[in-house]
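The values are calculated or read from the model by the stated rules, or taken from the named source; none is laboratory data. Small disclaimer: the values here were computed from a predicted structure and weren't measured. Because the Cβ atoms are built from the backbone with ideal geometry, glycine has one as well, and the counts that use them run over all protein chains shown.
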Amino acid sequence: MGKRGRSRTESGELDLGSGSEPQYMKGPLGIKRRKRTPFSQRERLGHETPGSVLRGPAITVTCECGEVVELRYGDRWTCPSCDRVYDTERIPRDQYEKLRKTQFRFRMLPIILGVVSISLAIFFTLTGNIFAVFILLPSVIVMWFMILRRPHRRAFQKAISDLPTWDLRAESK
């Protein structure tokens, strides 16, 4: 069933969605094109906030009323429901830095593996050995997904589990 079939209402009419209608403009040669959405307003498809690799992971704060929010280190947040104030600077800086460095260290292996394989592919292409690229790239992908990824994840989870956790309490008024 396609998009139109799924979006039919009870009366059988076509529901084109409740979201905002896309804006169109005239492109080159008078062709109708959709306007581009600025990068800052695009829907994020990943689960990470921008900058979480270098600045450290987000801190999940759960208010006593049940409100959940992800904050950066050093942010203050006031719960909109109950007006409790949470300050992430109360987390010891050295412990958070240890968490950030551990996360960064474990992210480097896949990045280094990718850079090395792409460098070798470029080298083999420039030297005229194209066949080696067709052997290299699938073998690197198989090596990562079948051999290295599972132990890498296990080691990362063990390293993260050994780090401290914090029970951040609301500031007293």
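Screening residue 86 on (1) touching a residue at least 24 places away in the same chain (Cβ under 8 Å); (2) under 25 Å from residue 159 (Cβ atoms) shows it passes everything except condition (2).
Of note, residue 89 satisfies the criterion of being over 19 Å from the mean Cα position of the chain (by Cα) and under 26 Å from residue 166 (Cα atoms). Which one of these does residue 163 not meet: (1) closer than 30 Å to residue 65 by Cβ; (2) surrounded by 14 or more Cβ atoms within 10 Å (Cβ to Cβ); (3) of a type in the set (A, V, I, L, M, F, W, C)? Here residue 163 meets the rest and fails (2). Taking the criterion of being in contact (Cβ under 8 Å) with a residue 12 or more places away in the chain and either outside the structural domain of residue 105 (by TED's automatic domain parsing) or closer than 30 Å to residue 87 by Cα (or both), the residues of the range 121-166 that qualify are 156, 159, 160, 163, 164, 166.
Of the residues 74, 51, 66, which single one is out of contact with any helix residue (DSSP H, G or I) (no Cβ under 9 Å at 6 or more places or on another chain), at pLDDT 75 or above and on the phi > 0 side of the Ramachandran plot? It would help to see each step written out before you state the result.
Values: 74 fails: out of contact with any helix residue (DSSP H, G or I) (no Cβ under 9 Å at 6 or more places or on another chain); 51 fails: at pLDDT 75 or above.
Only one candidate passes the filter, namely 66.
Can you give me the ranges of the helices (runs of 4 or more DSSP H) entirely in the range 81-171 with at least 1 residues that are within 15 Å of residue 57 (Cα to Cα)?
On the way: elements: 93-126, 130-142, 149-161.
Once the helices (runs of 4 or more DSSP H) in the range 81-171 are filtered for at least 1 residues that are within 15 Å of residue 57 (Cα to Cα), what remains is 93-126, 149-161.
Anything in the range 124-159 that is among the β-branched types (Val, Ile, Thr) and loosely packed, with under 14 Cβ neighbours inside 10 Å? List them, or say none.
Looking only at the range 124-159, we keep the residues that are among the β-branched types (Val, Ile, Thr), and these are 125, 127, 130, 133, 135, 140-142, 147.
Within the range 124-159, 125, 127, 130, 135, 141, 142, 147 meet the criteria.
Please tell me if residue 66 is assigned by TED's automatic domain parsing to the domain that holds residue 56, surrounded by 11 or more Cβ atoms within 10 Å (Cβ to Cβ) and of a type in the set (Gly, Ala, Ser). No; evaluated as a whole, the condition is false for this residue.
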